[in-house]
Amino acid sequence: MKKSFLTGVFVLVPLVVSVTLLLWFFEKVDGLFSPVLDGVVRALFPGTDHIPGTGVLAGLVIILLLGMLARNVVGKRLLDALDRLIQRIPGYRTVYSTIKQLTNAFSPESTKSFKEVLLVEYPKEGSYALGFRTMTVEEGDRRLVVVYVPTNNLYLGEVLFIPEGKAVRLEMSIEQAIRLLMSGGIAAPRELRRMQGGA
């Protein structure tokens, strides 16, 4: 009986949280865009009441149009110009730059984000964490690997500079590593394989 109750709780809680978050998102986006659409609809069809969901639909269309715009030459130039303008605003540019770098790291268009999956000794000796190599830098006569180690889902983490020989390269794709981290380790493979020729 106790096990059945606990199983029910573990099934119900994620479901309730997911539905609550979806409803919250729906209300916020709908509230943001629907007043404009309601005004347009009332101008075209006087006496028309608010149509629930139009704000969400408008938000999705705007995101889609921005994505299409960002993928062509003219759109990229316009967005780059807007980016340069925002970078000139004191204070706000720090927040904007940080958020942009984080989102760019997970963008499908990004070619400069994570290179490979590494296993590094962190946060203490004998304890290991999964990380992503972002680049390699020179420090005197040493080569250091720059590793991003997520500590809270994917968007918060630590940036480590460690000697190249201390990073274990894994036979794991970036997508598999992200899935593993997002699942809280549940999606971990039974065996972590070192890449051939890896440290």
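From the gyration tensor of the Cα coordinates in segment 116-199, what semi-axes in whole Å does the equivalent ellipsoid have, largest first, with each one equal to sqrt(5λ)?
Values: eigenvalues 89, 43, 26 Å².
Over the Cα atoms of segment 116-199, the semi-axes work out to 21, 15, 11 Å.
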Mind giving me the FRET efficiency for LEU66 and ARG142? R0 is 30 Å, r the Cβ-Cβ distance, nearest 0.05 is fine. 0.10
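Here are some pairs, LYS28/LYS100; LYS115/LYS166; LYS76/LYS115; LYS100/LYS166; which of them have Cα atoms lying more than 26 Å apart in this structure? Before the final figure, lay out the partial values.
Details: LYS28/LYS100 22 Å; LYS115/LYS166 17 Å; LYS76/LYS115 24 Å; LYS100/LYS166 30 Å.
In this structure, LYS100/LYS166 exceed 26 Å between Cα atoms.
All other residues with a Cβ under 15 Å from the Cβ of LEU180 taken together, and with Lys, Arg as +1 and Asp, Glu as -1, what is their net charge?
On the way: positive: ARG179, ARG190, ARG193; negative: GLU116, GLU171, GLU175, GLU191.
Combined, the nearby Lys, Arg, Asp and Glu give -1.
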Here segment 81-87 yields Karplus 3J(HN,Hα) values (6.51, -1.76, 1.60; θ = phi - 60°; whole Hz; Gly and Pro given as x) of 5, 5, 4, 5, 5, 5, 5
If the reach is capped at under 19 angstrom between alpha carbons, list the aspartates and glutamates near LYS124, excluding any in the same chain fewer than eight residues apart. GLU158, GLU164
Quickly work out the VAL159-to-PHE45 label distance, labels modelled 7 Å from Cα along the C-beta direction, and quote it in nm with one decimal. 5.2
In segment 15-97, the trypsin sites (Lys or Arg not before Pro) that sit in a DSSP loop and have at most 13 other Cβ atoms within 10 Å of their own Cβ are ARG71, ARG88
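Values quoted throughout were computed directly from the atomic coordinates according to the rules given, and no laboratory measurement underlies them. Small disclaimer: the values here were computed from a predicted structure and weren't measured. Here the Cβ is made from the backbone with ideal geometry for all residues, glycine too, and neighbour counts use every protein chain on show.
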